[in-house]
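Readers should treat all values here as calculations from the given coordinates under stated rules, not as data from a laboratory. This one's a predicted model, so the numbers in the text were calculated from it and none came from an experiment. Quick reminder, even Gly has a Cβ in these numbers, built from the backbone with ideal geometry, and neighbours come from all protein chains shown.
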Amino acid sequence: MPMYQVKPYHEGSGSLHVELPTCMYRLPNVHGRTGSPAPSADHVQEASDPSLQALESRQDDILKRLYELKAAVDGLSKMIQTPDADLDVTNIIQADELAALSTSTVDLNAMLGQDHGALKDIVINANPASPPLSLLVLHRLLCGHYKVLSSVHTHSAVRSVPANLLQCFGEQTRQQPRHEYQLGFTLIWKDVPKTQMKFSVQTMCPIEGEGNIARFLFSLFGQKQDAVNLTLIDSWVDVAIFQLKEGSSKEKAAVFRSMNSALGKTPWLVGDELTVADVVLWSVLRQTGGCGGTAPANVQKWMRACENLAPFHTALKLLQ
């Protein structure tokens with residue numbers, strides 16, 4: 001017997017029919033209309049905004065330029081010669097008219113800053129246990145280009161320095177007043193892990209590393225090179241420091257093969273003129289003793305050509 005008695009909700013024998021919804025919201029079909037314009041919704045108005053169209057056009061232009069730059073970089077990367085590369089573009093580069101070291105000029109005020117009459121003095125700290133031959137070569141070249149006041153000193157922390165290193169700049173005699181010199185070159189033999197350079201002691205951090213200093217000193221000659229040659233020169237300097245000086249025997253053999261290939265086409269590593277790449281590579285080969293009978297024929301010929309030049313010959317005496 002049921003607890004509660006409930007009367008029927010509907011009468012009759014027919015079943016109750018309830019119409020259930022088939023969608024949550026009913027909207028008119030705008031696509032079914034013919035001859036009437038589309039509704040002006042907010043997002044349609046925003047898409048036709050002139051400022052948005054200008055922004056999209058600018059973005060397309062930027063993307064197009066980026067694609068063009070990427071294509072240009074990819075092309076250059078295939079041309080640049082590395083120690084393991086099979087392609088050498090030395091013979092296909094159209095060399096510009098390069099100024100000789102003895103005649104090119106550079107504004108020292110622009111390079112080293114305006115000191116209001118004070119002598120622009122480049123100060124280098126070097127370890128006597130590993131003399132930077134490339135910097136001594138560049139010093140000789142600078143002396144033939146500018147009026148250079150040279151001096152050599154020994155730091156108090158260094159107990160002894162060989163006599164030939166103390167005389168690496170020759171006799172230090174000042175033949176004219178200090179203000180009449182164009183450039184000062186001061187070498188301090190000091191116990192430092194890496195060769196350091198400053199030309200503004202108060203306002204700059206030191207430049208470290210023989211290769212980096214050599215790049216800077218060679219820039220004072222004002223020699224002009226195109227972009228591809230500059231990349232090759234920088235690559236050779238890095239190869240000298242990181243592969244030839246600090247690399248394994250396999251890496252050194254790869255460097256010799258690459259040098260032999262390049263020197264078989266031109267008298268110097270990059271083109272027909274001496275560059276900082278020649279100076280640094282010669283210095284590293286002499287420091288590491290890698291220029292013996294095992295060097296390829298073109299490399300040995302190039303070594304002799306370097307040492308026939310007076311700045312190289314003078315620096316070589318320091319190792320004897």
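Which pairs in the list LYS252/LYS317; LYS194/LYS245; LYS194/LYS224; LYS224/LYS317; LYS147/LYS190 are over 21 Å apart, alpha-carbon to alpha-carbon?
Values: LYS252/LYS317 25 Å; LYS194/LYS245 13 Å; LYS194/LYS224 29 Å; LYS224/LYS317 31 Å; LYS147/LYS190 26 Å.
Cα-Cα > 21 Å for LYS252/LYS317; LYS194/LYS224; LYS224/LYS317; LYS147/LYS190; rest within.
Please sort 132-144, 155-167, 276-288 by packing, taking for each peptide the average over its residues of neighbouring beta carbons within 10 angstrom, highest first.
Details: 132-144: 22.5, 155-167: 11.8, 276-288: 24.5.
The most tightly packed comes first, giving 276-288, 132-144, 155-167.
With a ≥ b ≥ c the root eigenvalues of the C-alpha gyration tensor of region 227-318, is it rounded (a/c under 1.5), prolate (a/b larger than b/c) or oblate? Don't jump to the answer; show the numbers that get you there.
Numbers: a/c = 1.31, a/b = 1.04, b/c = 1.26.
Verdict is rounded for region 227-318.
Just add up the charged neighbours of VAL284: K/R +1, D/E -1, any other residue whose Cβ is under 12 Å from the Cβ of VAL284. Please report the intermediate quantities before stating the final value.
Values: positive: LYS245, LYS252, ARG286; negative: GLU210, ASP238, GLU246, ASP278.
Overall, the nearby charge balance is -1.
For the pair ALA227 and SER249, what calculated FRET efficiency results from E = 1/(1 + (r/R0)^6), where r is the Cβ-Cβ distance and R0 = 41 Å, to the nearest 0.05? Don't skip to the answer; put the middle values down first.
Values: r = 33 Å, r/R0 = 0.81.
It comes to 0.80.
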